[in-house]
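Nothing in this text is a laboratory measurement; each read-out follows from the coordinates by a stated rule. What you see is a predicted model; the values in this text were computed from it and never measured. Methodologically, a virtual Cβ is constructed for each residue, glycine included, from the backbone with ideal geometry; neighbour enumeration extends over all protein chains shown.
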Amino acid sequence: MIDLHSHILPGIDDGAGTIQDSIEMARAAQVNGIHTVVATPHHKNGAWDNSGQDIPHLVDYVNESLKSARIDVKVLPGQENRINGELVNDLKKGISIGLNHSRYVFVEFSSAQVPRYAKQLLFELQVEGYVPVIVHPERTKAFREEPDLLHEFVKNGALTQVTAHCFTGKVHKSIKQFAEDMVIHNLTHVVSTDAHNIDMRPFDLRESYDYIDHQLGSECVDTFLENAERIIENRDPLLDEPLKIKNKKKFLGLF
Ligand SMILES: [Fe+2]
């Protein structure tokens, strides 16, 4: 399996602290059945800045260390960009980079809001040839409260990544429900772990796919597996027509 979202690079964000942590994470990924991990350190999230120019050499260092430790996991470069007005320019300058240097760019929203300029920014990214991949939209309150907003972004060409932990871990029921709704309504395109360490935020992709397979449909798993591969190869993803999630609160409020 391929995991598109991880914080496996050592000492540059709130993920792996040391190279030993990175090695232990990779070992855990291998046990989970993951052979390729995209390293997506935080960038411009208010706490961490990691330029795309600094990431590839650290990826090389981790890959060499994994080889020495005889761990059969390959790490690829990526980045988790918090949404900001400089993103298009930063991509042009190499300060921001796509997943494995592809046209697919991780875009993170805060847990609360979707800024007014988001629609325009997602549009501009695509005009410039990039494909925004909104990471863990289930965590953003504004999407949960107004799912039509996410539907609009997806309809307009954005992809989204749902977090494996939603299906396997202890998350608030509203987040789990929204994650499932996204899968059912074709509003998400890939499942990734967002692993930060080996205990609290681990690689749990296999368990997550098992859950989706049993509860939401095996065809979803096939699509997600395929899309992860296509994204790192810079190919077009499999897409199903996005459907609208009924806003249950609003619906109930009518009666
Ligand atoms: Fe992340």
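Please state which one of Ala195, Ala164 is under 29 Å from Ala26 (Cβ atoms), touching an Asp or Glu at 6+ places or on another chain (Cβ under 6 Å) and within 16 Å of the ligand (Cβ to nearest atom). I'd like the intermediate steps shown before the answer.
Values: Ala195 fails: touching an Asp or Glu at 6+ places or on another chain (Cβ under 6 Å).
Testing whether each residue is under 29 Å from Ala26 (Cβ atoms), touching an Asp or Glu at 6+ places or on another chain (Cβ under 6 Å) and within 16 Å of the ligand (Cβ to nearest atom) leaves just Ala164.
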Any idea which of (1) in contact with a strand residue (DSSP E or B) (Cβ under 7 Å, 6 or more places away or on another chain); (2) within 21 Å of Met1 (Cβ to Cβ); (3) aliphatic (A, V, I, L, M); (4) more than 15 Å from the ligand (Cβ to nearest atom) is the one Leu125 doesn't satisfy? (2)
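Every residue in region 69-91 that is assigned to a loop (DSSP other than H, G, I, E, B) and either of a type in the set (S, T, N, Q) or within 13 Å of Ser6 (Cβ to Cβ) (or both), please. Break it down stepwise before answering.
Looking only at region 69-91, we keep the residues that are assigned to a loop (DSSP other than H, G, I, E, B), and these are 69-73, 78-79, 83-86.
Listed by number, the residues that qualify are Val73, Gly78, Gln79, Asn84.
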Out of the residues in region 90-100 that are closer than 15 Å to Gly129 by Cβ and under 15 Å from the mean Cα position of the chain (by Cα), which is nearest to the ligand (Cβ to nearest atom)? Leu99
Tally, over region 38-54, of residues that are loosely packed, with under 14 Cβ neighbours inside 10 Å and polar (S, T, N, Q): 1
Please determine whether any residue of region 55-68 is assigned to a loop (DSSP other than H, G, I, E, B) and either buried (at least 20 other Cβ atoms within 10 Å of the Cβ) or not polar (S, T, N, Q) (or both). no
Condition set more than 16 Å from the ligand (Cβ to nearest atom) and either in contact with a Ser or Thr (Cβ under 6 Å, 6 or more places away or on another chain) or aliphatic (A, V, I, L, M) (or both), scope region 60-86, selection farthest from Thr193 (Cα to Cα): answer is Ala69
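Hey, among His185, His172, His189, which residue is away from the ligand (no atom under 16 Å from the Cβ), crowded, with 24+ Cβ neighbours inside 10 Å and not polar (S, T, N, Q)?
Values: His185 fails: crowded, with 24+ Cβ neighbours inside 10 Å; His172 fails: crowded, with 24+ Cβ neighbours inside 10 Å.
Going through His185, His172, His189 in turn, just one is away from the ligand (no atom under 16 Å from the Cβ), crowded, with 24+ Cβ neighbours inside 10 Å and not polar (S, T, N, Q): His189.
If we scan region 169-182, do we find a residue that is in a helix (DSSP H, G or I), touching a residue at least 40 places away in the same chain (Cβ under 8 Å) and in contact with a strand residue (DSSP E or B) (Cβ under 8 Å, 6 or more places away or on another chain)? Don't jump to the end; show me each part of the working.
Going residue by residue through region 169-182, those that are in a helix (DSSP H, G or I) are 173-182.
Now restrict to residues that are touching a residue at least 40 places away in the same chain (Cβ under 8 Å): 178-179, 181-182.
Okay, now just the ones that are also in contact with a strand residue (DSSP E or B) (Cβ under 8 Å, 6 or more places away or on another chain), so 179, 182.
Within region 169-182, one or more residues are in a helix (DSSP H, G or I), touching a residue at least 40 places away in the same chain (Cβ under 8 Å) and in contact with a strand residue (DSSP E or B) (Cβ under 8 Å, 6 or more places away or on another chain).
Pull up region 23-56, narrow it to residues that are closer than 26 Å to Ile95 by Cβ and more than 19 Å from the chain's Cα centre (by Cα), then point me to the one that is nearest to the ligand (Cβ to nearest atom). Quick ask: steps written out before the conclusion?
At the first step, the residues of region 23-56 found to be closer than 26 Å to Ile95 by Cβ are 25, 36-56.
Those still in the list that are more than 19 Å from the chain's Cα centre (by Cα) too: 53-54.
Working: Gln53: 20, Asp54: 17 Å.
Only one residue fits best here, namely Asp54.
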Just give me the residues in region 183-216 being under 16 Å from the mean Cα position of the chain (by Cα), without any contact (Cβ under 8 Å) to a residue 40 or more places away in the chain and assigned to a helix (DSSP H, G or I), in sequence order. Val183
State whether the residues of region 14-27 include one that is of a type in the set (Val, Ile, Thr) and exposed (fewer than 15 other Cβ atoms within 10 Å of the Cβ). yes
Going through (1) within 15 Å of the chain's Cα centre (by Cα); (2) crowded, with 17+ Cβ neighbours inside 10 Å; (3) closer than 30 Å to Ile198 by Cα one by one, Ser110 fails only at (2)
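State yes or no: is Asp49 touching a residue at least 24 places away in the same chain (Cβ under 8 Å) and in a loop (DSSP other than H, G, I, E, B)?
On the way: touching a residue at least 24 places away in the same chain (Cβ under 8 Å): no; in a loop (DSSP other than H, G, I, E, B): yes.
Here the answer is no, as Asp49 does not meet what is asked.
Going by what's in this entry, would Leu205 be described as at negative phi, surrounded by 22 or more Cβ atoms within 10 Å (Cβ to Cβ) and not polar (S, T, N, Q)?
Details: at negative phi: yes; surrounded by 22 or more Cβ atoms within 10 Å (Cβ to Cβ): yes; not polar (S, T, N, Q): yes.
Yes; evaluated as a whole, the condition is true for this residue.
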